[in-house]
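Enquirer: First the structure, which I've put down as structure tokens, then a few questions once you've had a look.
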Amino acid sequence: MTIHKLLAGSAVGAMMATGAMAEIVIGASLPLTGAFSISGAKHDQGYQLCVDLINERGGINGEPVRLITSDNRSDPATAINQYERFINVDQVDAVFGTFSSRLTFPVANILARNGYVHPAPAGGALRIYTQGHQNLFYFQPNAAEYIGSSVTDMIQELIAEEDRPTTAAVVVADDFFANAVEAGLLGLQVIDPADGSVVEDMAPGYLAEAGIEVVYTEKWPEEGFNDWLNLANSVKRSGAELIIALTASAEEAVQVTRALQTVRAEPKMVYYSQGTQAEFLEGTNDASEAILVHTSWHAAAPYEGVLGGQPFSNADFVELYQERYGDFPDEDAAIPFAVCQGIEQAIIGAGSTDNAAMGEWLYARTNEDPVRTILGRFAWDERGLPVDKPFLMAQWNGGELQFVFPTDEFETSPLNHPKDGF
Amino acid sequence: MADILQILILGLALGGVYALMGAGLSLVFGVMRIVNLAHPSLIMMGAYVAFWGFRLYGIDPIVMLPVAMVILAATGVLLYKLVFEREAKSAKYSEMTVLLTFAFAMVFEGALATAFTNTQRVTTPDYAVDAIFIGNVFIPLGQLYAGIVSLVLIGALALYLKYSRFGYAIRATTQNREAAELLGVNVNFVGLVSFAIGLALAGAAGALVSFVFSFFPSKHWEWIAILMSLVVLGGMGSILGTVVAAYILSVVAAFVGFFFGATLSTLTFFVALFVVLLVRPQGLFGEKPELA
């Protein structure tokens, strides 16, 4: 090999290196396999679609974006390792958050320690936001503990007093997120696992405030539980008019529904914490009728966001997602898409990928000058929780997930009540 | 009284499904000393066969069951010839197969996820969410059918093992591989057929599981611990023991769930595993291990 060839090779290498530096690299650890794989795979689609669309629009500040995705197998330790690798080995410019509170909680510490902006698509448990992290931004309406208020507000606003459910059975997956929703509904104390201190006392709880008596509660382990019929039979025997199933995944929501259908439970109303996904409808068919689910996103919500520096509406997202993946999107794809929009706007707003500057820019958002996404506007309080952003209540009717509450945001469908069996 | 009867029925109904899920695992260990950690992922494969038969052609999952058995048996033959036959005489064979089948479980999971995505699936024949009500007590039809089919298959296998000539050979190999070989049994062929039968049972269990539980590729990790509990309680390698253990643990778990909560219900299987290993390592029907 001559000296000329060596020099030429070095020059090409240098050019390639320069080229590599001229891109924005973002890391995302997702549960593509394991217990959260259904949601994880959709998060991957949401992130990837967003990054591709940004690149089609010329990148961020003229630089193309490259997304590195790793499968954390739904395992917290693996998720931690992968984010550490993104930071220390890949030296990514920014990160996207992972799915589920169980993974977000430990990952939050790593990203805070390294000064990275942590845009969380999932991880609604309040105790994640009370650790004093200054870099955390939640891309759903509010902490899971407050979801119950949307349920009881809906009952009180949309249902005549004599038709309202007066008793409730609350069954809960022993999961970070589900436990958080339970705490709000039942009025439990939210405890910081680090020091045992009370983060917030949710007493008396949204159900008690609404005059709904809890007649049955049960908790099942997050993994390995199969005795759904026994559980459903106990719920039925309680005679509760409102059945609340706080599941950690759509798969569990399917199991609960099929079991309630088998035992022929006949509540007035059913609310789930998961079940917006097409897979839920596929697994439950007609039994899904009139089941209520809270959601952070709805296809019909007329939100106007920004992408690649251009207007990008929720309807655009629905159309392009279907074009790309052939399926109708659900919130598991929409929320990460909004995360990606948020990070793009933060980089543009900060003028660089300096995470400290990005964080400052995000914290400076207000409802008048928010981050604009397909999930609507976002501005955060000092904990990293969105300000004045209600959850949406949706209901399965005729195989369609209809938006029913709140009624003052957009056009809503009438609430189907009472539920006519399963 | 109705409560007790109801819990008993639900426990037995679940036990029928678990029995078939564990039977193939037990057979393969009994004959081949293969601790097949990939067994639940193979059950998953059977579930996908039944699911797609139902989804694409409307074929009932119980009708698809033989198809799932044939496909899984063929997979078994292939796996055995390519992988498990080679080191069958190794003194460390069982230990090796633990790692090997663990790797296979991950490979199968990845292959299934690639082929069918991680989307949850469930086969939805009408009977899967129906029940017979007798007063306040109900019998879930899906689990009843699954339990009946399961018992028929296990019964047929038991009769085959007991009365057929090849069944003698399988039992002889299970009891003492070296002695069987000395007496002219082609233990390698016995291993091949047993492995194929074991996987066929996984296929059958998958077809039944497809309408009893929802499933997705990584779901198998939740099943392996429960199935190992059944096999250990029953006695490693004893199909009868696995069946009995499946019914016992399912009924006990149902009662524990009703009286002490769902969390402890699942714990029943693992407590049983620990207790058996401490008190009676050979399980209910297994042979006492010889001291070296």
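Enquirer: Given the residues A:Ser74, A:Ser39, which is the only one that is of a type in the set (Ser, Thr, Tyr), assigned to a loop (DSSP other than H, G, I, E, B) and within 14 Å of chain B (Cβ to nearest Cβ)? Step through it out loud before you land on a result.
Expert: Details: A:Ser39 fails: assigned to a loop (DSSP other than H, G, I, E, B).
That would be A:Ser74, the only listed residue that is of a type in the set (Ser, Thr, Tyr), assigned to a loop (DSSP other than H, G, I, E, B) and within 14 Å of chain B (Cβ to nearest Cβ).
Enquirer: Then there is this: Identify all residues within segment A:81-92 that are buried (at least 19 other Cβ atoms within 10 Å of the Cβ) and either of a type in the set (Ser, Thr, Tyr) or in contact with a helix residue (DSSP H, G or I) (Cβ under 8 Å, 6 or more places away or on another chain) (or both); write none if there are none. Break it down into steps so the answer makes sense when it comes.
Expert: Step one: of segment A:81-92, the residues buried (at least 19 other Cβ atoms within 10 Å of the Cβ) are A:82-83, A:86, A:92.
Residues satisfying the conditions are A:Tyr83, A:Val92.
Enquirer: Specify which of the listed residues (A:Ala333, A:Ala315) is of a type in the set (Gly, Ala, Ser), surrounded by 23 or more Cβ atoms within 10 Å (Cβ to Cβ) and more than 30 Å from A:Ile159 (Cα to Cα).
Expert: Working: A:Ala315 fails: surrounded by 23 or more Cβ atoms within 10 Å (Cβ to Cβ).
A:Ala333 is the lone residue from the list that is of a type in the set (Gly, Ala, Ser), surrounded by 23 or more Cβ atoms within 10 Å (Cβ to Cβ) and more than 30 Å from A:Ile159 (Cα to Cα).
Enquirer: Any idea which residue in segment A:105-126 is farthest from A:Met358 (Cα to Cα), counting only those that are modelled with pLDDT under 95 and buried (at least 23 other Cβ atoms within 10 Å of the Cβ)?
Expert: So the residue we want is A:Ala125.
Enquirer: Need at least 2 residues that are over 30 Å from A:Ala265 (Cα atoms), out of contact with any Phe, Trp or Tyr (no Cβ under 9 Å at 6 or more places or on another chain) and not assigned by TED's automatic domain parsing to the domain that holds A:Gln274 per element, so show me which strands (runs of 3 or more DSSP E) inside segment A:304-422 make the cut, counting only ones lying wholly within it. If you could, list the steps in order and put the result at the bottom.
Expert: On the way: elements: A:304-307, A:310-313, A:371-373, A:376-378, A:392-397, A:400-405.
Counting at least 2 such residues, we get A:310-313.
Enquirer: Given B:Ala73, B:Ala88, which one is small (Gly, Ala, Ser), surrounded by 13 or more Cβ atoms within 10 Å (Cβ to Cβ), within 18 Å of the chain's Cα centre (by Cα) and away from chain A (no Cβ under 14 Å)? If you could, list the steps in order and put the result at the bottom.
Expert: Details: B:Ala88 fails: within 18 Å of the chain's Cα centre (by Cα).
Step by step, each of B:Ala73, B:Ala88 is checked, and only B:Ala73 is small (Gly, Ala, Ser), surrounded by 13 or more Cβ atoms within 10 Å (Cβ to Cβ), within 18 Å of the chain's Cα centre (by Cα) and away from chain A (no Cβ under 14 Å).
Enquirer: For segment B:222-232, state whether one or more residues are away from chain A (no Cβ under 14 Å) and either modelled with pLDDT of 90 or more or surrounded by fewer than 24 Cβ atoms within 10 Å (Cβ to Cβ) (or both).
Expert: So the first thing to find is which residues in segment B:222-232 are away from chain A (no Cβ under 14 Å), and the list is B:231-232.
Subset that is either modelled with pLDDT of 90 or more or surrounded by fewer than 24 Cβ atoms within 10 Å (Cβ to Cβ) (or both): B:231-232.
Yes, some residue in segment B:222-232 is away from chain A (no Cβ under 14 Å) and either modelled with pLDDT of 90 or more or surrounded by fewer than 24 Cβ atoms within 10 Å (Cβ to Cβ) (or both).
Enquirer: Criterion first (at pLDDT below 95 and surrounded by fewer than 20 Cβ atoms within 10 Å (Cβ to Cβ)) does B:Tyr93 satisfy it? Full working, then the answer.
Expert: Working: at pLDDT below 95: yes; surrounded by fewer than 20 Cβ atoms within 10 Å (Cβ to Cβ): yes.
Judged against the criteria, B:Tyr93 is a match.
Enquirer: Further, regarding this structure: Report the residue count in segment A:77-108 for those that are part of a helix (DSSP H, G or I) and either closer than 17 Å to A:Leu30 by Cα or touching a residue at least 40 places away in the same chain (Cβ under 8 Å) (or both).
Expert: Step one: filter segment A:77-108 for residues part of a helix (DSSP H, G or I), giving A:77-88, A:101-108.
Next, only the ones that are either closer than 17 Å to A:Leu30 by Cα or touching a residue at least 40 places away in the same chain (Cβ under 8 Å) (or both) stay: A:77-87, A:101-108.
Result for segment A:77-108: 19.
Enquirer: Among the residues of segment B:90-106, are any within 24 Å of B:Phe211 (Cβ to Cβ), touching a residue at least 40 places away in the same chain (Cβ under 8 Å) and in contact with a helix residue (DSSP H, G or I) (Cβ under 9 Å, 6 or more places away or on another chain)? Write out each step before concluding.
Expert: As a first pass, look at segment B:90-106 and keep what is within 24 Å of B:Phe211 (Cβ to Cβ): B:105.
This time we only want the ones that are touching a residue at least 40 places away in the same chain (Cβ under 8 Å), so: B:105.
Then keep just the ones that are in contact with a helix residue (DSSP H, G or I) (Cβ under 9 Å, 6 or more places away or on another chain); that gives B:105.
Looking for residues that are within 24 Å of B:Phe211 (Cβ to Cβ), touching a residue at least 40 places away in the same chain (Cβ under 8 Å) and in contact with a helix residue (DSSP H, G or I) (Cβ under 9 Å, 6 or more places away or on another chain), one finds at least one in segment B:90-106, hence yes.
Enquirer: Contact list please: Cβ distance under 8 Å, first residue in segment B:111-139 and more than 7 Å from chain A (Cβ to nearest Cβ) and over 26 Å from B:Ile7 (Cβ atoms), second residue polar (S, T, N, Q) and outside any helix (DSSP H, G or I), pairs at least six apart or on different chains.
Expert: B:Arg121/B:Ser214
Enquirer: If you don't mind, another one. Which condition number does B:Ser210 fail, the rest of (1) within 8 Å of chain A (Cβ to nearest Cβ); (2) small (Gly, Ala, Ser); (3) within 24 Å of A:Ile38 (Cα to Cα) being met?
Expert: Against the list (1) within 8 Å of chain A (Cβ to nearest Cβ); (2) small (Gly, Ala, Ser); (3) within 24 Å of A:Ile38 (Cα to Cα), B:Ser210 comes up short only on (1).
Enquirer: For the subset of segment A:268-278 comprising residues that are within 22 Å of B:Asp126 (Cβ to Cβ) and crowded, with 24+ Cβ neighbours inside 10 Å, which member is modelled with the highest pLDDT? Steps first, answer last, please.
Expert: Step one: filter segment A:268-278 for residues within 22 Å of B:Asp126 (Cβ to Cβ), giving A:270, A:275, A:278.
Cutting the leftovers down to crowded, with 24+ Cβ neighbours inside 10 Å gives us A:270, A:275.
On the way: A:Val270: 98, A:Gly275: 92.
Top of the filtered list is A:Val270.
Enquirer: Restricting attention to segment B:238-250, and to residues there that are under 21 Å from A:Asn230 (Cα atoms) and either within 11 Å of another protein chain (Cβ to nearest Cβ) or of a type in the set (Gly, Ala, Ser) (or both), which single residue is surrounded by the fewest Cβ atoms within 10 Å (Cβ to Cβ)?
Expert: Among them, the one singled out is B:Ser250.
Enquirer: Could you check, for segment A:60-67, whether at least one of its residues is in contact with a helix residue (DSSP H, G or I) (Cβ under 8 Å, 6 or more places away or on another chain) and part of a helix (DSSP H, G or I)?
Expert: Scanning segment A:60-67 turns up no residue that is in contact with a helix residue (DSSP H, G or I) (Cβ under 8 Å, 6 or more places away or on another chain) and part of a helix (DSSP H, G or I).
Enquirer: Another question, then. Got a number for residues in segment A:213-251 being among the hydroxyl-bearing types (Ser, Thr, Tyr) and assigned to a strand (DSSP E or B)?
Expert: Of all residues in segment A:213-251, those among the hydroxyl-bearing types (Ser, Thr, Tyr) come to A:216-217, A:234, A:238, A:247, A:249.
Keeping just the survivors that are assigned to a strand (DSSP E or B) gives A:216-217.
Of the residues in that region, 2 qualify.
Rundown of residues vs (1) of a type in the set (Val, Ile, Thr); (2) touching a Gly at 6+ places or on another chain (Cβ under 8 Å); (3) at pLDDT 95 or above, yes/no style:
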position	(1), (2), (3)
A:Cys340	no, yes, yes
A:Asn355	no, yes, yes
A:Thr366	yes, no, yes
A:Ala379	no, no, yes
A:Asn397	no, no, yes
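The values are calculated or read from the model by the stated rules, or taken from the named source; none is laboratory data. Note that this is a predicted model, so its numbers are computed, not measured. Neighbour counts are summed over all protein chains in view; Cβ atoms, including those assigned to glycine, are modelled from backbone coordinates with ideal geometry.
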